[in-house]
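To start, the structure under review is shown below, and the notes come after it.
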Amino acid sequence: MTQSPGQGQALDNLLTESRTFPPSDEFAAQANAQPELYEEAKADREAFWAKQAERLHWDTKWTQVLDWSDAPFAKWFVGGKLNVAYNCVDRHVESGHGDQVAIHWEGEPGDSRAITYAELQREVCKAANALKSLGIGAEDRVAIYMPMVPEAIFSMLACARLGAMHSVVFGGFSAEALRTRIEDSSCKLVITTDGQFRRGNPFPLKPAVDEAVAAAPSVEKVLVVRRTGSEVAWSDKDVWWHELVDGQSDVHTPEAFDSEHPLFILYTSGTTGKPKGILHTSGGYLTQASYTQHYVFDLKPDTDVYWCTADIGWVTGHSYIVYGPLSNRVTQVVYEGTPNTPHEGRHWEIVQKYGVSIYYTAPTLIRTFMKWGADIPAKYDLSSLRVLGSVGEPINPEAWIWYRENVGGGKAPIVDTWWQTETGAIMISPLPGVISTKPGSAQQPLPGIGAKVVNDEGVEVPHGGGGYLVLDEPWPSMLRGIWGDEERYRDTYWSRFGEQGFYFAGDGAKYDADGDIWLLGRVDDVMNVSGHRISTTEVESALVSHPTVAEAAVVGASDATTGQGIVAFVILRGGAGSDAGGAEAIKALRDHVAKEIGPIAKPRQIMVVPELPKTRSGKIMRRLLRDVAENRAVGDVTTLADSSVMDLISAGLQSGKSED
């Protein structure tokens with residue numbers, strides 16, 4: 001590869017991890033996935049995906065598996081027709097599983113519901129009839145702005161049943177964020193609640209809807225679920241859910257729609273500030289969501305109790321709370337609230353209560369559990385857990401080990417999954433029972449998926465090399481564009497390696513010596529230190545591997561000598577010494593990074609902080625930390641879950657400085 005002077009390779013590969021954890025013989029013997037799955041997909045990729053599509057009920061069989069003639073716009077299972085909601089609900093009732101619990105719903109205040117598949121069918125039919133009475137039909141757009149209540153899932157499935165597109169907006173977003181999403185897709189209906197319970201208190205939601213709808217003329221009606229019982233303003237557009245939906249017939253005949261019929265729009269943040277409306281369609285999306293749920297989580301629908309801790313406002317909630325699990329006839333837990341309400345053992349209490357066997361969560365939350373201490377999960381019976389999952393960002397090896405030991409009893413395989421809003425479903429993950437897992441590595445593309453790590457020219461890097469993660473084959477659950485903006489779709493995802501026809505969404509990655517893939521975070525978060533391109537993820541992993549550190553965030557700050565200097569912000573584990581913020585402890589951490597990675601990665605400065613600035617989805621806002629590191633005024637904090645965190649960090653700036 002040709003290199004610009006001082007530029008280094010696409011990404012330096014600095015941190016090594018040699019621990020591996022093979023599956024037990026017992027687990028491997030019963031696993032849904034067997035080694036032949038990879039060979040089958042390799043031998044005939046389209047035949048492999050056709051076989052996965054047969055997991056679903058099709059009213060009309062497809063005539064062509066894949067049409068890629070209009071790349072980068074794919075068509076999967078061309079000519080096939082199906083109803084997504086029928087596949088997630090009705091067919092399970094018809095096959096005699098109506099009495100099986102679909103959803104164990106747990107409210108934050110402690111209220112709960114057990115919803116069987118037969119009840120789910122009735123509720124979805126009533127909601128579909130209600131939406132139809134409001135004039136909602138095929139290809140209309142419906143905004144859903146709700147907490148984790150059952151009606152949110154009923155609403156998504158009702159839209160799918162009618163062929164209407166849902167646009168779910170996370171209930172923590174502002175009125176302006178909701179307005180821009182409603183406006184971009186011209187939603188006719190908004191479904192919301194009067195409020196939600198957060199950290200033990202009712203929190204209003206409808207006022208944000210009122211503000212957004214006042215500036216969104218496309219909205220004809222607002223359907224409101226009563227959740228908290230708080231008083232809300234009312235207009236002639238507003239309709240109570242219990243008054244409209246509860247009186248509807250619980251019988252509704254679903255219509256079969258084309259495989260490429262649009263299913264939903266989900267907005268993801270864009271670098272220009274304008275959100276991108278990611279469009280997913282029906283047949284290919286449901287095929288891959290269903291396939292990955294079955295194999296990645298080793299799901300046994302007759303015995304497992306599954307829990308994905310995501311919110312339906314994110315793609316994880318779409319694919320691995322609604323469509324993937326329900327298409328596989330899962331029994332799952334859905335929890336409304338926060339993990340420390342009313343106490344820090346709430347998740348483990350729920351695992352114990354329902355006998356959860358598969359648990360899927362984010363590294364941010366795992367590191368929070370580490371900070372709270374291993375003594376908390378130790379108080380609960382977690383012996384039912386047999387598969388653990390990680391999603392949302394790269395998981396550092398020490399958090400992975402902590403998760404395995406303290407949550408998985410030292411035996412549950414961990415599936416570290418890489419995918420995105422745009423990919424629709426999991427793309428890279430070890431298959432439990434087949435692959436020996438490695439702490440911190442997503443490892444291998446799933447059978448049927450093409451992915452590799454390339455350099456600036458799009459040439460695959462050798463084992464041990466770092467670069468850019470690209471997808472080199474179309475896949476069934478891929479996005480079908482950005483709503484209303486074909487040019488932006490091409491520019492954002494297909495222009496970087498246009499000649500090779502690779503999809504690139506901005507993640508750095510590396511191969512280890514075995515050829516396993518390690519995600520290194522967004523390429524925007526790469527630091528250039530004395531010509532070395534270093535991933536923030538690797539330095540954060542090195543810091544968290546120190547016994548005193550629970551969580552770390554690393555940024556590059558301008559440096560006259562090295563171009564960028566590494567500045568680290570660390571949260572200490574519960575019980576770390578009182579002198580932990582002192583000069584000695586900071587020196588120990590800097591030396592530890594130098595030992596783990598090399599002197600080039602030694603942080604210029606380390607600050608001990610009480611908390612890190614995170615969005616409501618748990619992502620660290622490194623932009624704000626760069627402001628602090630470069631002594632600038634801190635930028636916009638409105639997207640933070642807790643804006644006061646930045647005041648605490650700024651106040652500690654001087655006390656946390658260290659010199660070499």
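The values are calculated or read from the model by the stated rules, or taken from the named source; none is laboratory data. Small disclaimer: the values here were computed from a predicted structure and weren't measured. Cβ coordinates were reconstructed from backbone atoms using ideal geometry, including for glycine residues, and neighbour counts include every protein chain displayed.
Some notes on this structure:
- Here residue 406 fulfils each of the conditions (1) over 29 Å from residue 287 (Cβ atoms); (2) of a type outside the set (Val, Ile, Thr); (3) free of Cβ contacts under 8 Å to residues at least 24 places away in the same chain apart from (3).
- Taking region 404-416 as the range and being in contact with a Phe, Trp or Tyr (Cβ under 8 Å, 6 or more places away or on another chain) and either assigned to a loop (DSSP other than H, G, I, E, B) or not β-branched (Val, Ile, Thr) (or both) as the test, the residues that pass are 404, 406, 407, 413, 416.
- If you go through region 388-403 and keep only what is in a loop (DSSP other than H, G, I, E, B) and in contact (Cβ under 8 Å) with a residue 60 or more places away in the chain, you end up with 391, 392, 393, 394, 396.
- Residues of region 229-250 classified as in a helix (DSSP H, G or I) and either of a type outside the set (A, V, I, L, M, F, W, C) or in contact with a Pro (Cβ under 6 Å, 6 or more places away or on another chain) (or both), total: 2
- Members of region 117-162 found to be part of a strand (DSSP E or B) and either surrounded by fewer than 24 Cβ atoms within 10 Å (Cβ to Cβ) or of a type in the set (A, V, I, L, M) (or both), listed by number: 142, 143, 144
- Region 251-271, subset hydroxyl-bearing (Ser, Thr, Tyr) and part of a strand (DSSP E or B), residue modelled with the highest pLDDT: 267
- Residue list for region 314-332, restricted to those being farther than 19 Å from residue 287 by Cβ, over 10 Å from the mean Cα position of the chain (by Cα) and either in a loop (DSSP other than H, G, I, E, B) or free of Cβ contacts under 8 Å to residues at least 24 places away in the same chain (or both): 331
- Looking only at region 209-228, residues that are assigned to a helix (DSSP H, G or I) and surrounded by 21 or more Cβ atoms within 10 Å (Cβ to Cβ) come to 3 in all.
- The residues of region 224-256 that are without any contact (Cβ under 8 Å) to a residue 60 or more places away in the chain and either farther than 27 Å from residue 88 by Cβ or of a type in the set (Gly, Ala, Ser) (or both), listed by number, are 228, 229, 230, 231, 232, 233, 234, 235, 236, 237, 238, 247.
- Cβ pairs under 8 Å, 6+ apart, first in region 584-595 and of a type in the set (A, V, I, L, M), second part of a helix (DSSP H, G or I): 585/579; 589/543; 593/539; 593/542; 593/543; 593/601; 594/601
- Output for region 163-198, where each listed residue is aliphatic (A, V, I, L, M), assigned to a helix (DSSP H, G or I) and touching a residue at least 40 places away in the same chain (Cβ under 8 Å): 177
- The lone criterion from (1) among the small types (Gly, Ala, Ser); (2) touching a residue at least 24 places away in the same chain (Cβ under 8 Å); (3) closer than 18 Å to residue 399 by Cβ left unmet by residue 557 is number (3).
- Among the strands (runs of 3 or more DSSP E) confined to region 39-116, the ones with at least 3 residues that are crowded, with 20+ Cβ neighbours inside 10 Å are located at 75-78, 101-106.
- Considering only residues in region 272-298 that are out of contact with any Gly (no Cβ under 9 Å at 6 or more places or on another chain) and part of a loop (DSSP other than H, G, I, E, B), the one that is farthest from residue 168 (Cα to Cα) turns out to be 272.
- The set of residues from region 393-411 being out of contact with any strand residue (DSSP E or B) (no Cβ under 8 Å at 6 or more places or on another chain) and either buried (at least 20 other Cβ atoms within 10 Å of the Cβ) or at negative phi (or both) comprises 396, 397, 398, 399, 401, 402, 405, 406, 411.
- Whichever residue in region 475-506 is closer than 17 Å to residue 426 by Cα and surrounded by fewer than 21 Cβ atoms within 10 Å (Cβ to Cβ) and, among such residues, is modelled with the lowest pLDDT: 505
- In region 157-194, the residues that are over 24 Å from the mean Cα position of the chain (by Cα) and at negative phi: 161, 162, 183, 187, 188, 189, 194
- The condition of being in contact with a helix residue (DSSP H, G or I) (Cβ under 9 Å, 6 or more places away or on another chain), crowded, with 23+ Cβ neighbours inside 10 Å and more than 19 Å from residue 335 (Cα to Cα) holds for only one of 378, 425, that being 425.
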